[in-house]
Amino acid sequence: MTIHSIGAKAAVKSAELRVAGYDWRTLADELSGYGCAVMEKLLTPQECRQIAELYSDESHFRSHVHMARHGFGKGEYRYFRYPLPELIGGLRTALYPRLAAVANDWNVGIAQRYPDEHAAFLEQCHEQGQTRPTPLLLQYVNGDFNCLHQDLYGDLAFPLQVAILLSEPGKDFTGGEFVLTEQRPRMQSRAEVVPLRQGDAVAFAVHNRPVQGTRGNYRVNLRHGVSRLRSGMRHTVGIIFHDAK
C-alpha cells in the first residue's frame, strides 16, 4: 500500500487513530515546559521511505529552495503543492485539533482563539490571502545544516508545527540533530537538542511560548534548526499548519 492508495478519508481516519494513541496530556505538558515534545514512531519505516522517495518527483511540489542562496544554511527543501499526499494531509488534519488545544491554553487572556478544526483555520488563512501550502520535504547531505529560524509566512501563523524524521540515524546519516533554542528576557539562551529515530515526530513552538514567572506570564522566543550533517543523507517532512502568501 502506498501513501496515495488509501483515499483521503481513509488517510485522515488512519492518521486520527495513530494520533489519538499518544498521551496528549503529557505531550502538552512537555510542549508548555520545554517548547517541544516527541511522538515516537508516528510513521512506519516503509512510510518514511515512501515519503522520502517523493523528493525526486517534481510533480508533488510547488517550489524548490536551495538554502545557501538565501543564507538559510546549506541543504535544500521542496514545498508540497495541493492536494497534499494523502498521508501528510491526513496527519496535518489529525494533529491540528490536539495542537490547537495547546495553542488556546497558551493564549489564555488573549483574544485570539484557534478553531477546533483545521479546515476552519485554513479558511481564516485564505481570507487573509494566505493560500499556498506550507508542508515541505527537506533533504540534507554531508556538510549541510539549517540555520536557526522561525517558519512564519504571513500575518496569521499557527504557533506550533511538527517535523518527522524520515531517515535512520546511524545508518542513513550521522550528525544532523534537531536543535531548538529559547531566548529568555535578560537571561542567556537555552538550547534543547532533540534525539529522534526514524519515524519519530517532534512538535515544537514556531515563534514563542508562555512561561510562568514570579510576576506573571511572559513570552520566550524560540528558533529551530538542524546541526551539521557529518555523513550520508537525511530527509525530514515538515508539517506547518498555516498557509503562506
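Side notes on the structure shown:
- Screening the range 101-157 for residues that are farther than 19 Å from G73 by Cβ and among the aromatic types (F, W, Y) and picking the one that is surrounded by the most Cβ atoms within 10 Å (Cβ to Cβ) gives Y114.
- Condition met for G35 (at pLDDT below 95 and of a type in the set (G, A, S)): yes
- Index of the failed condition, V211 passing every other in (1) under 24 Å from T26 (Cα atoms); (2) within 19 Å of the chain's Cα centre (by Cα): (2)
- Tally, over the range 38-60, of residues that are surrounded by fewer than 19 Cβ atoms within 10 Å (Cβ to Cβ) and in a loop (DSSP other than H, G, I, E, B): 4
- Qualifying residue in the range 9-16 (condition: aliphatic (A, V, I, L, M) and at pLDDT 95 or above): no
- Across the range 158-217, the qualifying residues are those that are at positive phi and in a strand (DSSP E or B), and the one among them that is surrounded by the fewest Cβ atoms within 10 Å (Cβ to Cβ) is G216.
- Residues (more than 14 Å from the chain's Cα centre (by Cα) and modelled with pLDDT of 95 or more) located in the range 147-184: S167, E168, P169, G170, K171, D172, F173, T174, G175, G176, E177
- Residue that is surrounded by the fewest Cβ atoms within 10 Å (Cβ to Cβ), among those in the range 75-100 that are small (G, A, S) and either at pLDDT below 95 or assigned to a helix (DSSP H, G or I) (or both): A94
- Residue check, E40 within 21 Å of T134 (Cβ to Cβ), out of contact with any Ser or Thr (no Cβ under 6 Å at 6 or more places or on another chain) and at pLDDT 95 or above: no
- Contact annotation: residue pairs with Cβ atoms under 7 Å, 6 or more positions apart or on different chains, pairing a residue in the range 185-214 that is within 22 Å of R92 (Cα to Cα) and in contact (Cβ under 8 Å) with a residue 24 or more places away in the chain with a partner that is part of a strand (DSSP E or B) and of a type in the set (F, W, Y), are V194/F178; L196/F178; V202/F178.
Residue by residue, here is whether (1) in contact (Cβ under 8 Å) with a residue 24 or more places away in the chain; (2) among the β-branched types (V, I, T); (3) on the phi > 0 side of the Ramachandran plot holds:
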site	(1), (2), (3)
D23	no, no, no
A28	yes, no, no
V38	yes, yes, no
E53	no, no, no
S56	no, no, no
E76	yes, no, no
Y82	yes, no, no
I110	no, yes, no
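- When the range 61-74 is limited to residues that are free of Cβ contacts under 8 Å to residues at least 40 places away in the same chain and part of a helix (DSSP H, G or I), the one that is nearest to I240 (Cα to Cα) turns out to be H70.
- Residue count for the range 218-243, restricted to those that are of a type in the set (A, V, I, L, M, F, W, C), in a strand (DSSP E or B) and at pLDDT 95 or above: 6
The values are calculated or read from the model by the stated rules, or taken from the named source; none is laboratory data. Everything quoted here is computed from the prediction, not taken from an experiment. Positions of Cβ are generated from backbone atoms using ideal geometry, with glycine treated the same way; all protein chains shown enter the neighbour counts.
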